[in-house]
Amino acid sequence: MAKMKLKTLSGAKKRFKMTATGKIKRNATKRRHILTKKTTKLSRGLRMPHYVDETNAATVRRMMPYGG
């Protein structure tokens, strides 16, 4: 008898992507509004890829059992 399939959490599949090395990519915060008072240096830094911290990675992997 086959095991039950697990569902991916739909909120997680919209927010996270798995990389080839197994890290979990996420979107940067503070990018939505009130951008005029943020410095150019900060705005450039927010364009860089951000990754989920290792302390939270296990939780996100549980939300996305098949890599999302």
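The values are calculated or read from the model by the stated rules, or taken from the named source; none is laboratory data. Because the structure is a prediction, the values reported are computed rather than measured. No Cβ is skipped: glycine too gets one built from the backbone with ideal geometry, and neighbour counts run over all protein chains shown.
Structure values in brief
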{"quantity": "Qualifying residues in region 1-43 (those that are part of a loop (DSSP other than H, G, I, E, B) and polar (S, T, N, Q)) - the one nearest to M64 (Cα to Cα)", "calculated": "T8"}
{"quantity": "Looking only at region 44-58, and only at residues there that are outside any loop (DSSP other than H, G, I, E, B) and under 10 Å from the mean Cα position of the chain (by Cα), the one that is surrounded by the fewest Cβ atoms within 10 Å (Cβ to Cβ)", "calculated": "Y51"}
{"quantity": "Among (1) at pLDDT below 95; (2) on the phi < 0 side of the Ramachandran plot - the single one T40 does not satisfy", "calculated": "(1)"}
{"quantity": "Matching entry among K17, K3, K7, K37 (being surrounded by 14 or more Cβ atoms within 10 Å (Cβ to Cβ) and not polar (S, T, N, Q))", "calculated": "K17"}
{"quantity": "First in region 7-19 and more than 17 Å from T29 (Cα to Cα), second anywhere and hydroxyl-bearing (S, T, Y) and surrounded by 10 or more Cβ atoms within 10 Å (Cβ to Cβ), Cβ under 7 Å, 6 or more apart", "calculated": "T8/Y66"}
{"quantity": "So R61, is it of a type in the set (K, R) and either surrounded by 10 or more Cβ atoms within 10 Å (Cβ to Cβ) or not in a loop (DSSP other than H, G, I, E, B) (or both)", "calculated": "yes"}
